[in-house]
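Enquirer: Can you read through this structure? Questions will come right after.
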Amino acid sequence: MANHRSFLILLVLSIYFVANIHTCLSAPNISAVCSKQERLALLKFKHSVYDVADMLSSWVGDDCCQWERVHCDKVTGKVESLHLRGSEDHIISDEYGFREMLVGNEVSSSLRHLRNLKFLDLSANYFQGSQIPEFIGSFKQLSYLNLSYAHFSGVIPPHIGNLSNIKVLDLGSGPYSYTTLMSDDIHGYLAFHYSRCGLTNAYFGTLSNSSTTLANVKHLDLGGNHFKELRLSNCGLQSMHLSFDHLNSTTISIIQHLDLSQNLIEGRFPSALTNMSSLLSVDLSSNMLNSSVPIMPKLLRLDLSWNNFEHIEDVGIWRQCHLKELTVSDNYYRIEMTDSPENVSECSQYAFKRLHLDRSLKGAFHADSLGRMTNLRGLSLSGNNLTGPFPESLGRLRLLEELDLSNNQLTGPIPESIGRLVSLQLFSVSSNSLNGTVPVSIGQLTKLQYLYLFYNHLTGSIPESIGQLTKLRYIDIYKNSIEGVITEAHFAKLSMMKYLFITSNSKLTVNVSREWKPPFQLIEADLSSIKILNGFPQWLRTQKKLKVLSLSNVSITGPLPTWLRKMPVTGLLDLSHNKLTGPLTNLPDEGSAALFLQDNLFNESIPISLCRWTDMEYLDLSRNRLTGRIPECLGNMWNLVSMQFSSNQLSGVIPSSILPQSSMLRTLNLNDNHFTGELPRELWSLRGLNILDLGDNAFSGNISEWIGENLTNLGVFRLHKNNFTGSIPRSLCNNPFLQILDVAHNNLMGPIPHCLGKLNGMITHSSFVEDSGNFSLEENLKQVMKGVSLEYTKTFRYVINMDLSSNNLVGEIPVELMSLSALVGLNLSNNHLNGGIPDSIGNMKALNSLDFSGNQLTGPIPPSITALNFLSYLNLSHNNLSGQIPTGNQLQTLTDPSIYVGNRDLCGAPLPKNCSNNEDQTTMHKNSKAATHKSNKVWFYIDIMCGFAAGFCGVIGVLLFKKHWRHKLFKFAEETVDKMKRGRESA
């Protein structure tokens, strides 16, 4: 019995032991899942923000521990870390300004359910000036909190003081941020980030009674605290604050990370820093240092950007053997790019991992020494105007992850040796002068995520090997001369691609089948100015996350596909410069911020459905075949900046309802349609309007004075070829930015306002600032210059023109107009102007085109006209000008006799009529003036004599023939004399 009991005990223990062994061995393969409460909390946060670049796209499914940017405890499944940092790097931003960023009104309170958080990073996002949520103070286990550059404002909640385990706290904001944080009490952290010095009543240990900034600090004593990281950026600190007399050596000796950026430290490198034995990282950017940087053997990171260094030796780049990260950007191209000098002892091995020398270097690109920095992970030399070929020596940097050589003047091809950089994740050589083909070896960069080749002279075809880069997210080859055909093979394994920019390669063709289903989900695609075969790309219907789509000038035809209605294009939709036909009814249901459909063959009316696009900012339907009226509901577009409907067949009046709510409107172009009626008075509310083009319509009525009184930001005012009457409003003279005034071909009367000579935009060319956001707008502005109608697009802002031609204007040409020294074109032709051409016309130095034809001008042509050195078009025909035509300078090149035809008293070249005498032109002009003055004086006395004679004869003649009137007059005279006599006698 005892043996049986022993056997049973042994059996139970064996089973228990085996079970435990199985549990221990299999534990690594079991991962805990997150709780439902935490999953729902994260999803609620996701729905509370606008995810610009799909940072949270992986947040689907039941197990939030498998989501990107979320880390959980492997045993409990509790969420411990949230890595939600946005992107601050402009290189990772796209050309339309989109970058990885979360946008929200506030941080959702649902995150308070993540009670086990130890790490929270919300930096570089956009929370629109909201306050830091108080519930963050309830995360008792939190050791890392980063809310920097997230656009928080207001008072820092005191609840953050409850974070007893916090080790790193970053509340910094940039120098150009509009938000400001304030606090009553923050202390005791191992890392303290004190950015912008905008705290109220803040104290550091013994500084509890200090002012709101550190600019007046005499003694920096941080005793009683144990800072390992101290940030005092933008605090007005000067060199004297960093002397030994002003520092507590006991405290500073333990600081490991020191940020003194954006201060007033100048001249020599602060010697006190060399004695801070624990320093690992120093940020001295945005100061005024210019002397040699000492060697600090323990220092790992040094930022000297935005200073005044002039020599690469001063920075000590070839002597810093232990430094892992060095930033010397933005020293204003002072530093000559040289190789390491032979007489300086170089390091046997460099520790550099990150080297940033953007916008600081000049000269030829010597890269041999850089090629010996074999530990480099990041090398950035952008914006330096460096010359020479792409350096082969960079191919030795096998560990390089980021290489940025953009915005230089590098020439030659991209070498095949680039394929050796197998760790490369970012490769940017944009905005150079590189030529040759894209190397096939680029397909060996299996870790590449970002490829920037735009703005070069690359030729040849794109190698199919690029389709093997499984991690590629961003391709930009804009503005090259790449040719050949892109097929499905080029995209074979690009499942991670989000951004595709292959625009402006006119010889490049995309040829994929209509049934092709790409492996990627794009966020932005710009395929403009290439050739696309097989019609409207059918593969786009699979792109459910597309926010920006540009297919401008790709030769697509036919109507808009019906599936386009369901496309989520909310940023930009550009289908301009094609041959698309039919109505606009298949536009996406969900509106975009910008819609460009100009230069197509669309017909029928503007659909009412467009009114649902309430976030629209830019709308261009120009140069189509649209008919009907403008829908009144377009007034729902509160944010509209530009509305362009020119060159269609639209009719009716301008609906007043679209104007009052469009206070953001900067451009209104309705040119070349069939609009009628008077200008709606609601136009006065568009005080920010820069461009008003209503030309080539059938508008009528007077041009009201309120145009000039309210629209004071106008740069372009064009009413060309309408039916306006009345006079030119004097209020236009008050506009400081007006550079194009075109009211030609109307029925305007009266004199030209003399005050137009005060238009500052035509004197100093103080060009208006047109708000085009991140988009390149097409204006297509028509102007008559040099006798022909010219169409200006992006160059219109350089055109300064006044066209008052073909009206019924009278009077003399105001001499004040001659002060418009920046005016390029002046056209007063076909009016009823009289008098002479002002003598000071030579002051209009910038004139290129001058037309006074078809008037009644008299007198000689002023000799000063020969001072117009840029004049290339002149028309003075059909006037009553007289005398000899001036000669000399630019006028000698204008040899067409038609310039002066119709002036019978003109003589001299290029007319066949010779002058009868050789009288000096200046003398003739003076004599003509004297004769005119004498003639005027004679006629003045003749007028007086005629008036006297008429009055005398009128009175005497009546009395002569009216006997009764004579008797009455004599009787009245006798009675008056008798009364005067009696008055004297009585006196």
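Each reported figure results from applying straightforward, stated rules to the coordinates on display, with no laboratory input. On a predicted model such as this, the values are computed, not experimentally measured, just so you know. Ideal geometry is used to build each Cβ from the backbone, glycine not excepted, and the neighbour counts take in all protein chains shown.
Enquirer: Write down the radius of gyration of segment 458-551 and its Dmax, each obtained from C-alpha positions, in Å.
Expert: For segment 458-551, the Cα-based Rg and Dmax read 12.1, 33 Å.
Enquirer: Over 5 Å intervals from 0, what percent of Cα-Cα pairs in segment 356-497 sits in each interval?
Expert: Percent of Cα pairs in each bin: 2, 11, 20, 25, 23, 12, 6, 2, 0.
Enquirer: How far apart, in nm, are the 7 Å Cα→Cβ label points at Ser58 and Ile254?
Expert: Distance between label points: 3.8 nm.
Enquirer: Count charges around Thr614 for me, please; just the other residues with Cβ under 15 Å from its Cβ, Lys/Arg as +1, Asp/Glu as -1. Walk me through the numbers before you get to the answer.
Expert: On the way: positive: Arg612; negative: Asp589, Glu590, Asp615, Glu617, Glu632.
Net charge around Thr614: -4.
Enquirer: Between Arg565 and Phe135, what FRET efficiency comes out of the Förster formula 1/(1 + (r/R0)^6) with R0 = 45 Å and r the beta carbon distance, rounded to 0.05?
Expert: Values: r = 42 Å, r/R0 = 0.93.
Working from the Cβ atoms, E equals 0.60.
Enquirer: Pull out the extension gain between Asn385 and Lys545, defined as 0.36 nm times the separation in residues minus the alpha carbon to alpha carbon distance; nm, one decimal. Numbers along the way, then the final one.
Expert: Values: separation 160, 0.36 × 160 = 57.60 nm, distance 3.78 nm.
Additional length available on full extension: 53.8 nm.
Enquirer: Taking 0.36 nm per intervening residue step and subtracting the Cα-Cα distance, what contour gain separates Trp706 from Ser393 on full extension?
Expert: 105.9 nm
Enquirer: Right, here's the next one. Find out how many positive minus negative residues lie around Ile740, taking Lys and Arg as positive, Asp and Glu as negative, among other residues whose Cβ is under 11 Å from that of Ile740.
Expert: Working: positive: Arg718, Lys782, Arg797; negative: Asp693, Asp742, Glu779, Asp803.
For residues surrounding Ile740, the net value is -1.
Enquirer: Continuing with this model, one more query. Under a plain spin-label model, where a point goes 7 Å from the Cα along Cα-to-Cβ, how far apart in nm are Glu515 and Glu791?
Expert: Distance between label points: 4.2 nm.
Enquirer: Which value in nm describes the separation of the simple spin-label points at Ser423 and His765, placed 7 Å from the Cα toward the beta carbon?
Expert: 5.1
Enquirer: For the ranges 695-708, 57-70, what's the packing order if you count other beta-carbon atoms within 10 Å of each residue, average per peptide, and put the highest first?
Expert: Descending packing order for the listed peptides: 695-708, 57-70.
Enquirer: Quick check: net charge around Ile703, other residues with Cβ under 13 Å of its Cβ, Lys/Arg +1 and Asp/Glu -1?
Expert: Details: positive: Arg681, Arg718, Arg730; negative: Glu678, Glu705, Glu709, Asp742.
Every neighbour counted, the sum reads -1.
Enquirer: Ordered by packing density, taken as the mean number of other Cβ atoms within 10 Å over each peptide's residues, highest first, how do 430-443, 800-813 rank? List each step's numbers first, then the result.
Expert: Numbers: 430-443: 18.9, 800-813: 20.6.
Averaged packing, sorted descending, gives the order 800-813, 430-443.
Enquirer: Checking the a/c ratio against 1.5 first, then a/b against b/c, what shape does the Cα gyration tensor give for segment 793-868? Spell out each step's value before the answer.
Expert: Details: a/c = 2.27, a/b = 1.28, b/c = 1.77.
Verdict is oblate for segment 793-868.
Enquirer: What Kirkwood hydrodynamic radius do you get for segment 505-652 when you take the inverse of the mean 1/r over all pairs of distinct Cα atoms, in Å? Mind dumping the intermediate values first?
Expert: Working: mean 1/r = 0.0638 Å⁻¹.
Taking the inverse mean of 1/r over all distinct Cα pairs, segment 505-652 comes out at 15.7 Å.
Enquirer: Let me ask something additional. Provide, for q = 0.18, 0.25, 0.26, 0.27 Å⁻¹, the log10 of I(q)/I(0) from a solvent-free Debye sum over equal Cα point scatterers in segment 395-462.
Expert: For the requested q values the scattering log ratios are -0.62, -1.19, -1.27, -1.33.
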